[in-house]
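One structure is given here, and the rest of the page talks about it.
The values are calculated or read from the model by the stated rules, or taken from the named source; none is laboratory data. Values in this document were obtained by computation on a predicted structure and should not be read as measured data. Every residue, glycine among them, receives a Cβ derived from its backbone with ideal geometry; neighbour counts consider all protein chains shown.
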Amino acid sequence: MELGTLGAVLAFAIKLEGHSAQFYEEAASLAKESPASDVFLSLAEARRKRKELLQRSRRENINEMLLEPIVGLKGSDYLMETELSSKMGYYDVLQLAMELEENSRRFYLDAAGRVNLPQVTKLFEKLGEENADHKLRVKSLHKEEGPGV
């Protein structure tokens, strides 16, 4: 799936945030007896806010810039399976969450390097940095807790 315009990149980012929020909500329900549940709920809320921020950015840039061509960015390079099951272990969920954050980080930093609109470039760079922070939060759970999911 080629993301050939700024509009397509923003639409992909909005979907990515929505899917990520859903993933963290499901992870929180799997980890309901664990302190990880609060972290997952916090990350779900952060992803919902990011989705709103991207939607606002898309609305504010509704003009010819949405048709600005983007080259070399494929959505399929950043998609991953995030379906959770009750059979998954605690560390499996954490590993999947870390991979999700890393894929999102790569997407935003790659997109920032290809977008010619400074405010969107800054937004993508900020979101990529947040993903790195989120990954560290999840990684700290891996070190702090034992299996609880």
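Numerical summary
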item	result
Pair list, Cβ < 6 Å and 6+ apart or interchain, from region 101-122 residues that are touching a residue at least 40 places away in the same chain (Cβ under 8 Å) to residues that are hydroxyl-bearing (S, T, Y) and not in a helix (DSSP H, G or I)	F107/Y78
Test result for L43, under 22 Å from Y91 (Cα atoms) and either in a helix (DSSP H, G or I) or touching a residue at least 40 places away in the same chain (Cβ under 8 Å) (or both)	yes
Residue among Q95, Q119 that alone is in a helix (DSSP H, G or I) and farther than 22 Å from L43 by Cα	Q119
Leading residue by the ranking (modelled with the lowest pLDDT) among those in region 14-71 that are buried (at least 17 other Cβ atoms within 10 Å of the Cβ) and among the polar types (S, T, N, Q)	N61
Answer residue from region 68-92, given it is small (G, A, S) and part of a loop (DSSP other than H, G, I, E, B) and is farthest from A27 (Cα to Cα) among those	G72
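Okay, residues lined up against (1) in a helix (DSSP H, G or I); (2) free of Cβ contacts under 8 Å to residues at least 24 places away in the same chain; (3) under 16 Å from Y78 (Cα atoms); (4) more than 17 Å from the chain's Cα centre (by Cα):
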{"residue": "L10", "(1), (2), (3), (4)": "yes, no, yes, no"}
{"residue": "I14", "(1), (2), (3), (4)": "yes, no, yes, no"}
{"residue": "H19", "(1), (2), (3), (4)": "yes, no, yes, no"}
{"residue": "F23", "(1), (2), (3), (4)": "yes, no, yes, no"}
{"residue": "E26", "(1), (2), (3), (4)": "yes, no, no, no"}
{"residue": "E33", "(1), (2), (3), (4)": "no, no, no, yes"}
